[in-house]
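The values are calculated or read from the model by the stated rules, or taken from the named source; none is laboratory data. In this text, all values refer to a predicted model and were calculated from it rather than measured experimentally. Note that we place each Cβ from the backbone using ideal geometry, even for glycine, and neighbour counts take in every protein chain shown.
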Amino acid sequence: MLELSSRRRSLALVLFLFSGFSGLVYQVVWARQFALVLGTTTYAIASVLAVFMGGLALGSWIFGRIADRRPVSGLRLYGWLEIVIGGWALALPFLIRLCDDVYRAAWPSVEGSFAAQLGLRIGLVFLVLLVPTTCMGGTLPVLSLYLVRSLKRSGATIGSLYAVNTVGAVAGCLVTGFFLIEWLGLSATLMLAAFINLAVGVLALTKGRGDVHVAVEEEEVGDAGDSGAPVSPTQMRLALIVFAISGFAALSLEVLWTRSLMFWVHIDTWAFTAMLSAFLTGIALGSFVMARLLSRVRRPLLALGLLEALIGVSAAATVPLLGALSGAFEAGTDTDTFGTGLTSHIMQKLGQCFFVMLAPTVLMGAAFPLVSHIYVQAHRKVGEGTGTLYALNTVGAIVGSLAAGFILIPVVGIQQSILLVAAVYGVLGVVVLWHATSTRRRPFAAGVSLLVPVTCVLCAVMWDAPDLVTRGPWAAREDIGEFEIRYYNEGPDATLAVVEKQANAVRLLTINGVTTAIDNYMDMQVHRMLSHLPLLIHEDPKTVLVVGFGMGSTAWGCLQHPVDRVDVVELLRAEKKAAPFFEHVNHGVIDQPRLNFIVADGRNYILASRKKYDVISFNAIHPRFSSNLYTKDFYELCSQRLNPGGIVCAWMTQNALTGAEWDMLCRSMTEVYPHVSLWYCNPEHYCLLASDRPMRVDWETFVERMERPGVLADLAESHLDDARALVTRFLMGDGVLKRHLGDGPVNTDDKPLIEFGREVEADERGVVLRILEARRPVDEVLVAGTISDEDASSLTGYAVAAGEMMLGQTEFWYPRRPYEDRLRFRRALALAPDSEDLRFNMKASSTALANARRVLRESPQNDYALRDLARILMERGDLEAAYDAVLSANGLRGDSGDGVYLQGLLELLRGDPHKSVTTLEPFIRANWDVSAAPPLLFSQALHAYATARERIGRPRPEMRQRANEVVPCSRELFDLMCSSALGDRR
């Protein structure tokens, strides 16, 4: 036998390491590129995955046979495969563009048929990826034949080769996910991988010149079972079947773990990279260790049976491990352990993934050298044997990934699916051990195998996994009564839940643990602005596209206008089922005849559809999690779907962003549209309106449209039914906005920079203040001559009040100076005293009044609710009713400092300073030295007491001095509050 030199062996391993690196680069980049063309639905992603892995299986099967039957140098054949892969990758950008053109052209023919759409997607991916993936699949059997010189050591050699390739894949995954896409972009990253393949291919051809095919030494080997007899055909087939089913189970678990871990590692770029890297690292480590230990394994079939059983046990054990992540999340120990920097952020994600997946994946990786050892020795053909093994395992993996997403999760649920797959491993272990042991030892084998079902039962019964594994952070809070899960759905695409806060009945729509919509006041203002603002400004809107259904409130708002049709494109079918839980804000919009609900990827629909719209409004999740809806390329697609003069209304957030990232996201839109305006919703949320024509508010038309019954009623629920309150949320537009954003990078499909932002460096307060500093006068958005002098004067006052409100909300959301938010709100209310929106910020709106009265109807003896009612009535100027309420409250509980202060203040405001002094004096005296009362309450009580004493001619100036020491701005706050309460605004 001609032994291979250590240098040539090392060369082959190094080349295969780089091959693994580039292979994972391709997998990541191609998946992203095809998602931009075919969409991000589960079916589209599955099409890409199935073709990719199917090509690997086909290549492994074909080239395994070619390698054995054609006496050529394995290294040279490997080199040619690498060159074909690299060359095809260089041509792929052109092929992707061609695929895009064909997809758009063919879409009208398949739009009405799901099967035709699926066939189109699979066909396009097949044509583009079949050649490179087939060649990639052929590399393992070809190099295996090149390196293996003895059947006896075939398992160790193939295992080492597989481990090295997987290490390269881990490196490719980490480097691509964490660095290359951010630094180079998708296209340049693809080119880099292609050049790596070409370099590997050229080097392999060069070093393989002169090599001759060397036959593998076929010495007698055996001992698969107890007896030491050679591996029987039955055992060989058993190993093959077990390995195929193991592929099914392994990929099923990867999908299930990924869906579970999303709750804790969050669904950003770092998370997916961390999860895939952890999975592959375990595989590589297990294969490497087993390759080293294989020479000591006397009964490989027995060892395989034990491995399968242990995989089942460790897979079942991931259920409580996922639960442990829940405990760490709730306790905050994840942050305490890893810190808050970017490196710590990444290490935290990697740590969580390794914590769950390491043990079972190491055992999975160890199985490959064992099966190779059993099967190749019995089959006697290294290339064909390795190729067959890898092909069947990959086919099993394809079926497993599809079954997990489309069958197991929707039918069984994530947690039960994990235990079910663990049980599959247990069954495999039982079957293999049964064949690997003698009759007298089979009871022992059966006993060992019982570990799996026992573990599964324990995990299912003793650990409340549906909460901790699948419901994420809401589960533990539900247990203590903080939240109630009203609706829950584990679907192929995502896990969706409707969660209700017990304290205030606010409902949240969550997807994979991330809150995407809330029915509270601030969030509903955002949704109503997204629906009404573009329709109020557009000259004559008739057709509307809403991307993202959410709670359904945006679609409902659009339907309140006289439009012909509202198309809603939503990725998750389950949101339609969740709609009844938000009927109080969507009013049963699903049943409206003018609504057309389309289950599809929103971006892909805009890409492929030929429909034109007057308005496109979309509210996606945070840009870090859905960057392809915040790119210049996406906005260009939207422009192609707009009629002339059409408006795009995009939700934009600055939450967890730096100033540079905010500018980049907005700049991505201003680079496409000549006319863009920015509108304020709250400090975190904004609306960007864009069009090919100037967007101006015709005041008379704007007011007339707002007064339509449905429009007015919907806006009134968010206190936006005053045209002045809505229009004064204009911040800036066109040239001013472009100058504000300045020059810099944009977010693109090829280089989605927002995904790689350093959230720990976010400066939300700084971003808001910079925006507000650049705010322009409201008349810049008005059509000249459409507003009367009287309305213009009123609008000017509202604009100043809106500015104060925006600053007040900023101080409330991102506090720096104590009580500055209250001062800003008070100033704003003095300028716009009839604004219910401003009163809401003071917790004294008509809605707050109705809620307080509702609580008292249910609980008339609730002293807290009575004091709250008194405060609201006082703020609204109803002093007599407020006084009656506070007297009732203090009659129930007279030791409340808040109640005493309110009573004394109301006595002062009602014109009875003597009684006010009598009421307040004991409270002031009790808190003078060491105040137990909140600082603001105490300071306001001091001012009320000082004012009352001044009214009766017995001033105490030290009272005001003390009040200003406690809260420096307390005098202005007190004066503004009194002015508000004494005004005639009941």
**Report entry** Condition broken by ALA650, with the remaining ones in (1) among the small types (Gly, Ala, Ser); (2) crowded, with 24+ Cβ neighbours inside 10 Å; (3) farther than 25 Å from SER718 by Cα satisfied
**Finding:** (3)
Query - Residues (part of a helix (DSSP H, G or I) and among the basic types (Lys, Arg)) located in the stretch 280-310 - result: ARG292, ARG296
Query raised in the report: Taking LEU535, is it buried (at least 17 other Cβ atoms within 10 Å of the Cβ) and part of a strand (DSSP E or B)?
Result: no
**Report entry** In the stretch 687-722, the residues that are among the hydroxyl-bearing types (Ser, Thr, Tyr) and at positive phi
**Finding:** none
Report summary line: When ASP519 is run through (1) over 17 Å from the mean Cα position of the chain (by Cα); (2) modelled with pLDDT under 90; (3) surrounded by 21 or more Cβ atoms within 10 Å (Cβ to Cβ), the failure sits at (2)
**Report entry** Selection within the stretch 3-30 - among the aromatic types (Phe, Trp, Tyr) and free of Cβ contacts under 8 Å to residues at least 60 places away in the same chain
**Finding:** none
Report task. Take ALA105 and decide whether it is within 12 Å of PRO132 (Cα to Cα), out of contact with any helix residue (DSSP H, G or I) (no Cβ under 8 Å at 6 or more places or on another chain) and surrounded by fewer than 17 Cβ atoms within 10 Å (Cβ to Cβ). Result -> no
Report summary line: Residue hits (the stretch 333-354; at pLDDT 65 or above and among the polar types (S, T, N, Q)) are THR343, SER344, GLN348, GLN352
Report task. All but one of (1) under 24 Å from LEU873 (Cβ atoms); (2) surrounded by 15 or more Cβ atoms within 10 Å (Cβ to Cβ) hold for ARG962, so report the exception by its number. Result -> (1)
Report summary line: Quick count over the stretch 31-58, residues being free of Cβ contacts under 8 Å to residues at least 24 places away in the same chain and assigned to a loop (DSSP other than H, G, I, E, B), is 0
Query raised in the report: What number goes with the only condition from (1) modelled with pLDDT of 95 or more; (2) buried (at least 20 other Cβ atoms within 10 Å of the Cβ); (3) not in a strand (DSSP E or B) that LEU657 does not pass?
Result: (1)
Query raised in the report: Which residue, of LEU831, LEU856, is assigned by TED's automatic domain parsing to the domain that holds GLY899 and surrounded by fewer than 21 Cβ atoms within 10 Å (Cβ to Cβ)?
Result: LEU856
Report summary line: ILE590 fails exactly one of (1) within 23 Å of THR495 (Cα to Cα); (2) at pLDDT 95 or above; (3) crowded, with 20+ Cβ neighbours inside 10 Å, namely (3)
Report task. Within the stretch 595-614, identify whether any single residue is within 24 Å of LEU782 (Cβ to Cβ), touching a residue at least 24 places away in the same chain (Cβ under 8 Å) and crowded, with 18+ Cβ neighbours inside 10 Å, and answer yes or no. Result -> yes
Query raised in the report: Just checking, how many residues over the stretch 847-871 are in contact (Cβ under 8 Å) with a residue 24 or more places away in the chain and under 39 Å from the mean Cα position of the chain (by Cα)?
Result: 3
Query raised in the report: Could you give every pair whose Cβ atoms fall below 7 Å, whose first residue belongs to the stretch 315-335 and is more than 22 Å from ALA249 (Cβ to Cβ), and whose second residue is part of a helix (DSSP H, G or I) and at pLDDT below 55, counting only separations of at least 6 or pairs across chains?
Result: SER326/LEU468; SER326/ALA475; SER326/ALA476; ALA328/ASP334; GLU330/ALA476
Report summary line: Among ASP68, ASP101, the single one that is of a type in the set (D, E, K, R), in a helix (DSSP H, G or I) and touching an Asp or Glu at 6+ places or on another chain (Cβ under 8 Å) is ASP68
Query - Pair list, Cβ under 8 Å, 6 or more apart: the stretch 294-309 residue in contact (Cβ under 8 Å) with a residue 12 or more places away in the chain, other residue buried (at least 21 other Cβ atoms within 10 Å of the Cβ) and aromatic (Phe, Trp, Tyr) - result: GLU308/TYR425; ALA309/TYR425
Report summary line: Filtering helices (runs of 4 or more DSSP H) wholly in the stretch 688-774 for at least 3 residues that are farther than 24 Å from ASP523 by Cα and outside the structural domain of SER344 (by TED's automatic domain parsing) gives 699-706, 734-741
Requested in this report: Please specify each residue of the stretch 602-622 satisfying the condition of being in contact with a His (Cβ under 8 Å, 6 or more places away or on another chain) and part of a strand (DSSP E or B).
Outcome: ASP614, VAL615
